[in-house]
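In what follows, a single structure is set out as structure tokens and then discussed.
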Amino acid sequence: MTREEERRDFLAASGWGKAVVTPLPGDASTRRYFRLADGTRGALLMDQPQGAETPTAPPDANADARRALGYNAVARLAGADVGRFAEVARYLKNRGLSAPEIYAADTARGFLIIEDLGDGLFADVVRQGGDEAALYSNAVEVLAKLHAEPAPQAMGGKPLFSYDDVALLAETDVLTEWYLPYALGRAATAEEIAEHRALWQAALGGIAASPPVFIHRDYHAQNLLWLPQRAGAARTGLIDFQDAVAGSKAYDLVSLLEDARRDVDPAVGHAALRHYLDTMSAQGTPLDEAAMAAEMAAMAAQRNAKIVGIFARLHRRDGKPRYLALLPRVWGHLTRDLSHPSLAPLRAWYDRTIPLETRFSGKET
């Protein structure tokens, strides 16, 4: 069968064979979505060919085994596993959160029919005049709810991978591999790569000791949907969570507040962080605020360094130059993150190797 024939076969077998199927726009993935309309009912079809991306690796695989399988395994990405999406969705829903309900699944072929949570992306709601402070306040309540308990070892039959040093350092390596040639017009030297990695390893070393929690991993305004008709933390709809891992409480917070695609009002960001800390205290899971600030700086810097590299890769390898327009914002975040005293050695490396005047426009040859 062709992929289109497989899709029609799955829809018919799932009771959606008569639905009007409308493709939705996509960009940076082999995954596709279609909106289904059948009389008064609607849903989304997720279409993810299962062999379209390199696989992940077993939880106990060592670094060499993961590297042999490719970047997805090293960085703990889900690859093309729709079964992982389904299990994470069930985990979130069991905690009273608004992940899509799974209506039908063919995980062997890579199809899911899921609840349609609508079009109310946070980014769009705010742009149309919505209350940014209310949305971000609710989004951090979701995180506090998730952070009230330790990360599970597994969800259904799917392990929740550790966001370990191997993954974190592989992500920062993307900057030296892809951004340096774009910015400086030359490849990074072996010495630059080794020093960069060693500095990151030192900066991230203490974070591994923190009790891990569930991390969505792409928790930002284009993956959150406003559902005002629901109550409490369920007013924030959750999507694109298949790459979830176990790790630092800081990661999803900085993903939300240091968004690569939109500027969060600083007052809103400060208020949201304060609300998160107060909610954590109120539910009996208080945090050391100074330690949390240092952890947030390190996680924010790591995430933004990764994004700088990924955007350069999307341009140079994948022919998507539009991501370059986002680099000034991401570099702004990263430069501020590196100002934390605990990251002074990393800041010195960046100031020396990628001077400010080369951070926003490339010299690629």
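How much net charge surrounds residue 21 when only other residues with a Cβ under 14 Å from its Cβ are counted (Lys, Arg +1; Asp, Glu -1)? In short, 0. The count of lysine pairs in the chain with alpha-carbon distances below 21 Å, taking only pairs 8 or more places apart or on different chains, stands at 8. Given a Förster distance of 22 angstrom, what is the FRET efficiency for residue 282 paired with residue 218, based on the Cβ-Cβ distance and rounded to 0.05? Taking R0 as 22 Å, the efficiency between residue 282 and residue 218 is 0.20. Available extension along the chain between residue 20 and residue 127 is 35.5 nm, counting 0.36 nm per residue and deducting the alpha carbon span. Among 17, 284, 118, the largest mean-square fluctuation in a Gaussian network model of the chain, built with springs joining Cα atoms closer than 10 Å, belongs to 284. Just to confirm the number: angle between the C-alpha axis of helix 344-353 and the first principal axis of the chain, 0 to 90 degrees, nearest 10? Taking Cα atoms only, the helix is inclined about 90 degrees.
For the chain, the longest principal axis of the alpha carbon atoms and the long axis of helix 82-93 meet at an angle near 90°. Estimated from helical segments only, the mean residue ellipticity of the chain at 222 nm is -13500 deg cm²/dmol, where each DSSP H run of four or more residues counts as -39500 (n - 2.57).
Relative to the Cα centre, the charge distribution of the range 166-284, modelled as +1 at Lys and Arg Cβ and -1 at Asp and Glu Cβ, gives a dipole magnitude of about 460 debye.
Taking label positions 7 Å along the Cα-Cβ direction at both residue 62 and residue 317, the computed distance is 2.6 nm, reported to one decimal.
Each of residue 41 and residue 149 was given a label point 7 Å from its Cα along the Cα-to-Cβ line. The distance between the two points is 3.0 nm. Full extension of the chain between residue 357 and residue 8 gives 120.4 nm of extra length, using 0.36 nm per residue less the Cα-Cα distance. Close amide H partners of residue 104, meaning residues 5 or more places away or on another chain with modelled amide H under 5 Å apart, are 113. Against the chain, whose longest principal axis comes from its Cα atoms, helix 132-146 is set at around 90 degrees.
Shown for 340, 196: other C-beta atoms within 10 Å of each C-beta, ranked fewest to most, produce the order 340, 196.
Among rounded, prolate and oblate, which fits the range 160-250 when a ≥ b ≥ c are the square roots of the eigenvalues of its C-alpha gyration tensor, a/c under 1.5 means rounded, and a/b larger than b/c means prolate? Oblate, because a/c is 1.5 or more while a/b does not exceed b/c. Put in line by how crowded their Cβ is, counting other Cβ atoms within 10 Å and starting with the fewest, 30, 56 read 30, 56.
Subtracting the Cα-Cα distance of residue 198 and residue 262 from their residue separation scaled by 0.36 nm leaves 19.9 nm.
For the chain, pairs of C-alpha atoms spaced more than 27 angstrom apart make up 50 percent of the total.
Every read-out reported here was derived from the displayed coordinates using simple, explicitly stated rules and does not represent laboratory data. Please read all numbers here as calculations on a predicted model, not as lab measurements. Cβ atoms come from the backbone with ideal geometry, glycine included; neighbour counts cover every protein chain shown.
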